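Below is one structure, written out as C-alpha cells; comments come after it.
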Amino acid sequence: MVSIDSVPGVVLGVVLLAVLALVGVVRRRRAMADGGYPTSGETVTETEKPFGLVRWFTTVDHKDIGILYIIFGLVAALWGGTDAMMLRTELITPGTTIWGTETYNGLFTTHGITMIFLFALPVFFGIANYFLPILIGADDMSFPRINAIAFWLLPPALVLIRGGLITEVLGKLLRPLGLTALTAPLFALTPIDISWTMYAPLSSTIANPQVDLALLGLHLSGVATTMGAINFIVTIFAERDEEVTWATLDIFSWTMLTTSAIALFAFPLLGSALIMLFLDRNFGTAFFAVDGGGPLLWQHLFWFWGHPEVYILVLPAFGLVSLILPKFSGRKLFGFKFIVYSTLAIGVLSFGVWAHHMFTTGIDPRVRASFMAVSIAIAIPSAVKTFNWMTTMWSGRIRLTAPMILLIGSIGTFIVGGVTGVFLASIPVDLVLHDTHYVVGHFHLIIMGVIAMSMVAASYYWFPILTRRMYDQRLARVQAVLLIVGVIVTFNALLILGYLGLPRRYAYYPAEFTLLNQIATVGAYVIGVSVFLWIVNMIQSLRTGPLVMDADVWNLKETGQFTREWQWFEERLRERRGFERGELSAPDTGDED
C-alpha cells in the first residue's frame with residue numbers, strides 16, 4: 001500500500017519531469033559541437049574533436065559517451081563474470097576446497113552488485129546514447145553535459161563498490177616497502193560479504209568499513225542513473241524530428257522511455273534507503289534496527305526498487321528484440337501498438353509486485369494475496385510480447401544470422417525464465433522454493449537469456465555502424481550457439497537443484513547434489529568460452545575486418561526496413577567517399593622548380 005505521506009513526493013517527481021520537458025522544448029534548437037546552444041549572434045559551426053585521450057575525457061558527443069558506457073559495462077561484466085566463474089569453480093565439489101566460505105560470500109556479493117548496477121544498465125544506456133538520438137532524428141541528447149557527468153560518476157562508483165579488493169592488492173604491493181602506516185588502512189578494507197541485497201541487521205552492524213564506501217558507490221551510481229533517465233525522457237519528448245510522431249516512434253525508444261520513467265521513481269528511493277543504512281552504521285540512527293524501524297523496512301524499501309529494477313533491465317532488451325527480430329524475419333513487427341501498450345503496462349505494474357520477494361517474512365496474508373495477484377498479472381504483457389515475436393517470425397523469411405540466432409535463443413530462455421517466475425509468484429510454491437537454486441536459475445534465465453543475448457545481438461547487428469567494418473560471421477554464429485547452450489545447461493540445472501531443495505548462497509552442499517552442480521559449472525565454462533570468442537571476434541574485426549562500402553549490409557531495403565540509423569550510416573559513408581575522392585583529385589598547388 002502507498003502511504004499518504006508519499007503522495008507529495010510522487011507529485012513533486014511528476015512536476016519536476018514536466019518542468020524538464022518544458023525546458024527541453026524551449027531549448028529545442030540545434031546543439032553546438034561542445035554540447036551547448038548558440039546564443040543570439042552566434043552561428044552553429046562544426047569543430048573537430050580533440051585527438052587521443054583528451055577527446056574521450058572531454059567529449060559531450062552522444063556517440064562517444066555511448067561508446068564509453070559500453071566499454072565501462074564490458075569491463076564490469078568481465079569482472080563480475082570472473083566472480084561467477086570462481087563461484088561455479090568452488091561448487092564443483094561438495095566441500096569448500098578452493099576459495100573458502102568468506103571468499104565465496106564476498107564473491108557472490110560483488111558479483112550480484114557488479115552485474116546489476118554496473119553492467120546491464122550502463123550497457124543499455126550506452127546503446128541508447130549512441131542510437132536513440134539518431135533514431136528520433138535529434139542532433140544530440142537534450143543535456144549533453146549532464147549526459148557526460150552521468151557517465152563519469154560511474155568509474156568512481158565502481159572503485160568505491162569494489163574497493164576492498166583494490167586496496168588489498170595495493171596493500172600487498174606496498175608492504176615490501178615497509179609503509180605500515182599506509183598499508184594498515186588499506187588492509188582494513190576487505191571485500192563486502194553481506195550479499196547484494198544487503199539485508200539488515202547484518203549490513204547495519206558488520207564492522208567492515210568497506211561497506212560504507214560501497215554504500216556511497218551505490219548511491220553515486222543511482223544518481224548517475226537518475227540523471228541519465230531524465231535526459232532520455234526529455235530528449236524523446238523535446239528533441240524528436242518533426243517527422244517522428246508518437247505514432248511513428250520506434251519500439252526501442254518506447255522501451256527506453258518507459259525504462260527511464262521507472263528509473264526516475266525507483267532509484268531516488270533506493271538512494272534514500274542507502275543513506276538511511278549509512279546513517280544507521282555511522283551515526284546511531286535506528287531506521288533498520290530491531291527496536292526502531294525494523295529489518296523488514298529495509299526489505300520493503302529495497303524491493304520497492306529491486307523489482308522495478310528487473311524491468312528497468314529487461315525492457316531495453318525487449319526493445320532490442322522487437323527492433324532487430326523483424327529485420328531477419330522479412331516482416332514488419334506484428335502488433336506494434338500492442339507491444340507498446342504492454343511496455344507501458346509493465347512500467348505501471350512493476351511498482352505493485354515488490355512484496356512477492358517477502359512471502360516468507362510473515363506479512364499479512366491479505367497483503368501477500370494482493371501482491372500474488374499483481375505478480376501473476378504482470379506476466380500477461382510479457383506474454384503479449386512473446387506471442388508477437390513468434391507471430392512476426394511465423395511465415396517469415398528467416399535468415400539465421402548471428403543476431404537472429406541469439407534473439408531466437410533469448411525468446412526461448414525468456415519463456416522458461418518467465419514461466420518459472422509465475423510459479424514463484426504463487427504463494428504456496430514460493431514458500432517451498434524460496435531461497436533455493438530455483439530462484440537463481442529463474443533470475444539468470446532472464447539476465448543471461450534475453451538481457452545478455454539481446455546485447456550481443458545488438459553488437460553484431462550494429463557493428464558495421466560502430467566500426468565501419470564487418471566481423472567474422474561464421475565465428476559469430478558459433479559463439480551465439482555456444483552462449484545459448486551454456487545458458488540453458490547452467491541455469492536449467494539450477495532449476496532442478498532448486499526443485500530438489502538445495503539452498504542457494506552456500507559454498508558447500510550435500511554430496512548427492514554433486515553431479516547437477518558439476519553440470520551447471522560445465523555450462524558456465526561454455527558461457528565463458530562463448531564470451532572469449534565474442535571478444536576475439538570484436539577486437540580482431542575492429543583491427544582487420546573488411547571495410548563496409550554499402551550501408552545495406554543486411555539487405556534491409558528489400559523488405560522496406562532500412563531504418564533511420566542505417567540511413568544515417570549510408571549518408572556518413574557517402575560523405576566519407578566524397579571526402580576521399582576530393583582529396584585524391586585535389587590539384588597540386590605547389591610551385592614547380
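The values are calculated or read from the model by the stated rules, or taken from the named source; none is laboratory data. Remember, predicted model here, so these are calculated numbers, not experimental data. Virtual Cβ from ideal backbone geometry, glycine too; neighbours counted across all protein chains shown. Please note that ligands, DNA and RNA were not included when accessible areas were found on the heavy atoms of the full protein model with its side chains. Shrake-Rupley method; radii C 1.70, N 1.55, O 1.52, S 1.80 Å.
Of all residues in the range 429-474, those that are touching a helix residue (DSSP H, G or I) at 6+ places or on another chain (Cβ under 7 Å) and not in a helix (DSSP H, G or I) total 6. What are the residues in the range 160-183 that are closer than 23 Å to D280 by Cα and either in contact with a Pro (Cβ under 7 Å, 6 or more places away or on another chain) or surrounded by fewer than 18 Cβ atoms within 10 Å (Cβ to Cβ) (or both), if any? Selection gives G164 alone.
The single condition from (1) in a helix (DSSP H, G or I); (2) over 20 Å from T259 (Cβ atoms); (3) touching a residue at least 24 places away in the same chain (Cβ under 8 Å); (4) open to solvent by 10 Å² or more (accessible area, probe 1.4 Å) that F304 fails is (2). Screening L269 on (1) assigned to a helix (DSSP H, G or I); (2) open to solvent by less than 10 Å² (accessible area, probe 1.4 Å); (3) hydrophobic (A, V, I, L, M, F, W, C) shows it passes everything except condition (2).
Might you check whether a residue that is open to solvent by 60 Å² or more (accessible area, probe 1.4 Å), outside any helix (DSSP H, G or I) and either within 26 Å of H111 (Cβ to Cβ) or at pLDDT 95 or above (or both) occurs anywhere in the range 203-222? If you could, list the steps in order and put the result at the bottom.
So in the range 203-222, the residues open to solvent by 60 Å² or more (accessible area, probe 1.4 Å) come out as 205, 207, 216, 219.
Still in the running and outside any helix (DSSP H, G or I): 207.
Remaining after also requiring either within 26 Å of H111 (Cβ to Cβ) or at pLDDT 95 or above (or both): 207.
Yes, some residue in the range 203-222 is open to solvent by 60 Å² or more (accessible area, probe 1.4 Å), outside any helix (DSSP H, G or I) and either within 26 Å of H111 (Cβ to Cβ) or at pLDDT 95 or above (or both).
One line per residue, one yes/no per condition, for (1) among the small types (G, A, S); (2) touching a residue at least 40 places away in the same chain (Cβ under 8 Å):
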| position | (1), (2) |
| --- | --- |
| A214 | yes, yes |
| H219 | no, yes |
| A238 | yes, yes |
| L269 | no, no |
| S272 | yes, no |
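In the set (1) at pLDDT below 95; (2) under 31 Å from the mean Cα position of the chain (by Cα), M549 fails one condition alone, (2). Taken over the range 280-299, the criterion of being in contact (Cβ under 8 Å) with a residue 60 or more places away in the chain and open to solvent by less than 50 Å² (accessible area, probe 1.4 Å) is satisfied by D280, R281, F288, A289, P295, W298, Q299.
Of the residues making up the range 38-56, one or more are at pLDDT below 50, open to solvent by less than 50 Å² (accessible area, probe 1.4 Å) and within 30 Å of E242 (Cβ to Cβ). When L515, L533 are screened for being free of Cβ contacts under 8 Å to residues at least 24 places away in the same chain and out of contact with any strand residue (DSSP E or B) (no Cβ under 6 Å at 6 or more places or on another chain), only L515 passes. Looking across the range 366-379 at every residue that is under 23 Å from the mean Cα position of the chain (by Cα) and assigned to a helix (DSSP H, G or I), the one that is farthest from W354 (Cα to Cα) is identified as A379. Annotation note: of T255, T245, the sole residue that is open to solvent by less than 50 Å² (accessible area, probe 1.4 Å), closer than 24 Å to F125 by Cα and of a type in the set (S, T, Y) is T255. Quick one: in the range 184-202, of everything that is surrounded by fewer than 19 Cβ atoms within 10 Å (Cβ to Cβ) and free of Cβ contacts under 8 Å to residues at least 24 places away in the same chain, which residue is nearest to Y506 (Cα to Cα)? The qualifying residue nearest to Y506 (Cα to Cα) is L202.
Scanning the range 58-80 for residues that are open to solvent by less than 20 Å² (accessible area, probe 1.4 Å) and not hydrophobic (A, V, I, L, M, F, W, C) yields T59, H62, D64, G66, Y69, G73, G80.
Taking the conditions (1) open to solvent by 80 Å² or more (accessible area, probe 1.4 Å); (2) at pLDDT 95 or above in turn, M538 satisfies each one other than (1).
Output the residues belonging to the range 115-147 that are closer than 23 Å to D241 by Cα, part of a helix (DSSP H, G or I) and among the hydrophobic types (A, V, I, L, M, F, W, C).
Answer for the range 115-147, where residues must be closer than 23 Å to D241 by Cα, part of a helix (DSSP H, G or I) and among the hydrophobic types (A, V, I, L, M, F, W, C): F124, F125, I127, A128, F131, L132, I134, L135, I146.
Flag: N231 matches the condition of being farther than 22 Å from L349 by Cα, among the polar types (S, T, N, Q) and buried (at least 19 other Cβ atoms within 10 Å of the Cβ).
Yes/no matrix, rows are residues, columns are (1) in contact (Cβ under 8 Å) with a residue 60 or more places away in the chain; (2) among the hydrophobic types (A, V, I, L, M, F, W, C); (3) touching a His at 6+ places or on another chain (Cβ under 7 Å); (4) crowded, with 18+ Cβ neighbours inside 10 Å:
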{"position": "W354", "(1), (2), (3), (4)": "no, yes, yes, yes"}
{"position": "I378", "(1), (2), (3), (4)": "no, yes, no, yes"}
{"position": "V384", "(1), (2), (3), (4)": "no, yes, no, yes"}
{"position": "G396", "(1), (2), (3), (4)": "yes, no, no, no"}
{"position": "P403", "(1), (2), (3), (4)": "yes, no, no, yes"}
{"position": "T420", "(1), (2), (3), (4)": "yes, no, yes, yes"}
{"position": "P428", "(1), (2), (3), (4)": "no, no, no, no"}
{"position": "G449", "(1), (2), (3), (4)": "no, no, no, yes"}
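Considering the range 219-252, and only residues there that are among the hydrophobic types (A, V, I, L, M, F, W, C) and more than 20 Å from the chain's Cα centre (by Cα), the residue that is farthest from R564 (Cα to Cα) turns out to be V234. When we screen I149, I127, I92, I134 for residues that are closer than 24 Å to V439 by Cβ and β-branched (V, I, T), the only hit is I92.
Against the definition (open to solvent by less than 20 Å² (accessible area, probe 1.4 Å) and more than 30 Å from K327 (Cα to Cα)), how does L494 come out, yes or no? For L494, the condition - open to solvent by less than 20 Å² (accessible area, probe 1.4 Å) and more than 30 Å from K327 (Cα to Cα) - is met. Restricting attention to the range 434-469, which residues are in contact with a Leu (Cβ under 7 Å, 6 or more places away or on another chain), closer than 24 Å to A128 by Cβ and of a type in the set (V, I, T)? Answer for the range 434-469, where residues must be in contact with a Leu (Cβ under 7 Å, 6 or more places away or on another chain), closer than 24 Å to A128 by Cβ and of a type in the set (V, I, T): I451, V456, T467.
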